[in-house]
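Worksheet: one structure, shown below.
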Ligand code: PEP
């Protein structure tokens, strides 16, 4: 049985002060969740949010990182720095990183390996653009991203990480993939993992759906056999909505 995992990606929202207050409010509203819950604030908010959620089941994640240990990489942050800030998870290869910061599958692969080497669980994002979906290229694009991002990993390593299927056309647009469409691609991702490292890992790896997840579509998405959770952007910025998503039926 795969334990569901719901992660909130706060993106570039909220100051450190506002993030800490928001995290405390979340802790009051998310108690005894039967799923893994992760919140991913910006870098400056990691330490205060980590302190706010310390005695709770909510885990801390970062939104990005560099693969190098340290060095002359102005503006970057290392896996050890994230670990030292209390992170257990890190989002890797989010479509906004791929689109606006030219992140490639090769870079994603280096980040995934570096994260695992520092006991950080990577949430590896994959997903096609609208034109690619309309051209019938969803499986080609997503398959290449999965194979590229996970290249060279052991079956055990793959089993331990999280993959987020996020169709780019559904992120922040209010347009959600139908539960059936999301299931179909998540199933395809699991089959791709099976071909890459074996069915045992494919059965263990957790696959999230992301893209305009809301209180009113989470239940149907989570009812799909190959959807093990959600990566939530906009709706994770509202306490009641995020709590409702975490407590899906
Ligand atoms: C995301 O940022 O990963 C995301 C899915 O955003 P939203 O839920 O706002 O579409």
(message) Could you give me D for the range 1-146, from Stokes-Einstein at 4 °C and 1.567 mPa s, where the hydrodynamic radius is the Kirkwood radius over C-alpha pairs? Units µm² s⁻¹, please.
(response) 80 µm²/s
(request) For the range 5-246, divide the Cα radius of gyration by the Kirkwood radius and give the resulting Rg/Rh value with two decimals. (result) 0.94
(request) Considering only DSSP beta bridges where both residues belong to the range 102-229, give the percentage that are antiparallel (nearest 5). (result) 0 percent
(message) Looking at the chain as a GNM with Cα springs under 10 Å, which of 16, 72, 80 has the largest mean-square fluctuation?
(response) 72
(message) Over the range 103-174, what is the relative contact order in percent, taking alpha-carbon pairs closer than 8 angstrom and at least six residues apart?
(response) 44 percent
(request) Averaging sequence separations of C-alpha pairs under 8 Å and six or more residues apart, then dividing by the length of the chain, give the relative contact order as a whole percent. (result) 21 percent
(message) So if each residue of separation counts as 0.36 nm, and I subtract the Cα-Cα distance between residue 3 and residue 195, what length gain in nm does that give?
(response) 66.9 nm
(request) Using a 10 angstrom cutoff on alpha carbons, build the Gaussian network for the chain and name the most mobile of 123, 163, 141. (result) 141
(request) Express in whole angstrom the spacing between the alpha-carbon centres of the range 185-208 and the range 116-146. (result) 13 Å
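FYI, it's all coordinate maths here, none of it is from the lab. Everything numeric in this text was worked out from a predicted model, so none of it was measured.
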